[in-house]
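J.: Could you have a look at this structure, given as structure tokens, before my questions?
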Amino acid sequence: MKIFIVNGQGGCGKTTFEETIQSYAQHTYHKDTSILSIITPIKSIAKRIGWDGKKDNKDRAFLHDLKVLLHNYNNYDYNYIERYVQYAWELQRDVVFIDMREYEDIAWFKSLYPETKTILITKGEAKTYGNPADDNVNNFLYDYVIKNDNDLQTFRDKTITFYEENIKE
């Protein structure tokens, strides 16, 4: 199983990248791909306590703060990721993509799974969101940097080329 951590600021194309590969790998090579995010369980809790699903700067800061709170309390985010990766191993997934933004989280995961590769997706100029998770995505030395600097079809084509050159066995 190949594992990739995918990072990038909001709206850069992470989901498009992952879903394009997932669809292409399944339809072309019958390969199973999983996509998860370290923030998924945090969003679930946030919705239960009133978050409406928006992602403006205030919402992004709230999600980051809630993640930090739960991490400091009982490693809620790390436990979620560890369980899911173990489950993917059991299901014999071919590829797992993990959305993970913060340097400490990426370093922690790579200490458990050193073969993990990291990908940064960029689009245009870096923005400021007002929270460390979004604002510090460039503070890591990534294995791959993919620029989403053209139209959607060009980005999808670039994504498929990435799959063919770096993931397909």
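The values are calculated or read from the model by the stated rules, or taken from the named source; none is laboratory data. Computed from a predicted model, the values in this text were never measured in an experiment. Note that we place each Cβ from the backbone using ideal geometry, even for glycine, and neighbour counts take in every protein chain shown. Just the protein is used for accessible areas: all its heavy atoms, side chains included, with ligands, DNA and RNA removed. Shrake-Rupley method; radii C 1.70, N 1.55, O 1.52, S 1.80 Å.
J.: Relative to the longest principal axis of the chain, what angle (0 to 90°, nearest 10) does the C-alpha long axis of helix 76-90 take?
T.: It is inclined by approximately 20 degrees.
J.: Considering only protein heavy atoms, with the full assembly of protein chains and a 1.4 angstrom probe, order Tyr76, Tyr142, Tyr87 by accessible area, largest first.
T.: Tyr87, Tyr76, Tyr142
J.: Moving on. Mind checking the per residue accessible area of the stretch 111-155 for me, 1.4 Å probe, whole number of Å²?
T.: 62
J.: Work from the charge dipole of the chain (Cβ charges, +1 for Lys and Arg, -1 for Asp and Glu, about the Cα centre) and give the residue of Ile106, Ile160, Thr16 farthest towards its positive end.
T.: Comparing the listed Cα positions along the dipole, Thr16 ranks first.
J.: Using +1 on the beta carbon of Lys and Arg, -1 on that of Asp and Glu, and nothing else charged, what's the dipole of the chain about the Cα centre, debye to 20?
T.: For the chain, the charge dipole is close to 360 debye.
J.: How would you rank 19-26, 120-127, highest first, on the average number of other Cβ atoms within 10 Å across their residues?
T.: In decreasing order of mean packing, 19-26, 120-127 become 19-26, 120-127.
J.: Mind scanning Lys2/Lys31; Lys31/Lys147; Lys110/Lys168 and naming the pairs with a C-alpha gap bigger than 19 Å?
T.: Lys31/Lys147; Lys110/Lys168
J.: According to the square roots a ≥ b ≥ c of the eigenvalues of the Cα gyration tensor, what is the shape class of the stretch 40-157, taking rounded for a/c under 1.5, prolate for a/b larger than b/c otherwise, and oblate for the remainder?
T.: Cα axes put the stretch 40-157 in the oblate bin.
J.: Using Cα positions and a limit of under 25 Å, work out the lysines in reach of Lys54, with same-chain residues fewer than 8 apart set aside.
T.: Counting by Cα, and skipping residues close in sequence, Lys54 has these lysines nearby: Lys14, Lys43, Lys67, Lys123, Lys127.
J.: Rolling a 1.4 angstrom probe over the protein heavy atoms, how many square angstrom per residue are accessible across the stretch 44-109?
T.: 60
J.: To the nearest 500 deg cm²/dmol, what mean residue ellipticity at 222 nm is calculated for the chain from DSSP H runs of n ≥ 4 alone, each contributing -39,500 (n - 2.57), summed and divided by the residues?
T.: After summing the helix terms and dividing by residue count, I get -16000 deg cm²/dmol.
J.: Would you calculate the separation in nanometres between label points at Asp149 and Glu115, each defined as 7 Å from the Cα along the Cα-to-beta-carbon direction?
T.: My value for the distance between the label points is 3.3 nm.
J.: Considering only protein heavy atoms and a 1.4 Å probe, what is the carbon-and-sulfur percentage of the accessible area of the chain?
T.: C and S fraction of accessible area: 49 percent.
J.: With all protein chains present, calculate the accessible area of Glu90 using a 1.4 Å probe and round the result to the nearest 10 Å².
T.: Counting only protein heavy atoms, the figure is 120 Å².
J.: A further question on this structure: Heavy atoms only, probe 1.4 angstrom, no DNA, RNA or ligands counted: give me Leu66, Leu91 ranked by accessible area, highest first.
T.: Heavy-atom accessible area, descending, gives Leu91, Leu66.
J.: Here is a further query. In percent, what relative contact order does the stretch 15-169 have, based on Cα pairs under 8 Å that are 6 or more apart in sequence?
T.: So the answer I get is 29 percent.
J.: As a test question: what accessible area, to the nearest 10 Å², does Trp51 have when a 1.4 Å probe is rolled over all protein chains in place?
T.: Rounded to the nearest 10, the figure is 30 Å².
J.: Quick one: compute the contact order of the stretch 31-101, relative version, from alpha carbon pairs under 8 angstrom and 6+ residues apart, as a percent.
T.: 62
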